[in-house]
1. What residues have an amide H closer than 5 Å to that of V254, excluding those fewer than 5 places away on the same chain, when H is modeled at 1.01 Å from N in the peptide plane?
2. About its Cα centre, what dipole magnitude does the chain give when the only charges are +1 on Lys and Arg Cβ and -1 on Asp and Glu Cβ, stated in debye to the nearest 20?
3. Taking the Cα centre of region 157-250 as the origin, how large is its charge dipole in debye, to the nearest 20, when only Lys and Arg (+1) and Asp and Glu (-1) carry charge on their Cβ atoms?
4. Which whole-angstrom value gives the distance between the alpha carbon centres of region 156-231 and region 33-96?
5. Please give the residues of region 265-279, grouped as numeric ranges, whose backbone N is less than 16 Å from a label point set 7 Å along the Cα-to-Cβ vector of N297.
6. Only residues of region 168-195 count here: report those whose backbone N is under 20 Å from the spot 7 Å along Cα→Cβ of D131, or say none.
7. In deg cm²/dmol, rounded to 500, what helix-only [θ] at 222 nm does the chain give when every DSSP H run of at least 4 residues adds -39500 (n - 2.57) and the total is split over its residues?
8. Among the DSSP beta bridges whose two residues both lie in region 75-334, what percent are antiparallel, rounded to the nearest 5?
Amino acid sequence: MKLATLKSDSRDGRLVVVSKDLAWCADAHQVAPTLQAALDDWARCEPELRTLSDELERETIPRERFHEREALSPLPRAFQWADGSAYVNHVELVRKARNAEMPATFWTDPLMYQGGSDAFLAPRADIPLGDTAWGCDMEGEIAVITGDAPAGCSVEDAAKSIRLVMLVNDVSLRGLIPGELAKGFGFFQSKPPSAFSPVAVTPDELGEAWDGKKLHLPLLVKYNGELFGKAECGIDMTFDFGQLVAHLAKTRPVTAGTIVGSGTVSNKLDDGPGKPISEGGVGYSCIAEIRMIETINDGKPSTPFMQYGDTVRIEMKDKDNKSIFGAIEQEVVKA
């Protein structure tokens, strides 16, 4: 089942079910007015939404064309947005580039921060940037939306709380991060609003690509129209989504509508740093990573961060080369 939120008079939009080919949608207001409302009453709403989805596929109910440009992020705002760093290769490269030792605990205990969840960007909305000196970067990630999970839940129970899967561009302002981290109190100004894919899907929709805790497909990232990354999401993921949700729930309950991100999808190559696609690698899901490798190899980075007019497209395709979630497609503009 595929769900989306279309623009409406409400800041939370209106919930629709979307056809498997992303061509059509049907209004779901008779089941739930918004996605958050559906998540709050999932036991009742989920089977009714599935019935609606089946009827949409059979063309037995009123339908309308689905246009990705009219979609908001599936949850235009959320009660919680917690982003992990499941691909420890990414963290390892960051520290290696600045000659910092990698703590052993990074391989056993996930990194996670709580991001701003009150105003997400739409998947086709511009990225407003106040100053290019802030070092604007895209970060291609996978994210899940959970139902309720009790504090202290097991990894297995945490995984069972996952309701939906989607993509995310976790926009980062790299130039502001060092100063904020130096204060010892985490990210804030360096993490502006993120954007999520036009469609969120139930895990069963992913078939064999979803093993219950990981998504095994490449994440396609295009930068200014050129393929920049195609990292395999199921490889080098040190912490799966069950572990990430359980980490979040260690000392507090997780409530329905919580979004948990994977962190930047990152692959090694022959047990070493990745390479650009032009050199036989799978490329990168963010600019910072190629800058890290340039620093390791050449002593300094040569690839600039995003400038005004630069574009990013983040998408994932199934084995038949069909888009699963629709595409995040954004341009950096002067704020």
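The values are calculated or read from the model by the stated rules, or taken from the named source; none is laboratory data. Quantities reported herein were computed from a predicted structural model and do not represent experimental measurements. Virtual Cβ from ideal backbone geometry, glycine too; neighbours counted across all protein chains shown. Keep in mind that these areas ignore ligands, DNA and RNA; they rest on the heavy atoms of the full protein, side chains included. Shrake-Rupley method; radii C 1.70, N 1.55, O 1.52, S 1.80 Å.
1. Here the answer is A149, A151, since their amide H atoms fall under 5 Å of that of V254.
2. Working: 36 positive and 50 negative charges, 113 e Å.
My answer is approximately 540 debye.
3. Values: 10 positive and 11 negative charges, 82 e Å.
I would put it at about 400 debye.
4. 13
5. 267-279
6. Residues 171-184, 186-193 fall inside that zone.
7. Numbers: 7 runs with 65 residues, N = 335.
Roughly -5500 deg cm²/dmol at 222 nm, from the helical runs in the chain.
8. Numbers: 38 of 46 bridges.
Beta bridges within region 75-334, antiparallel portion: roughly 85 percent.
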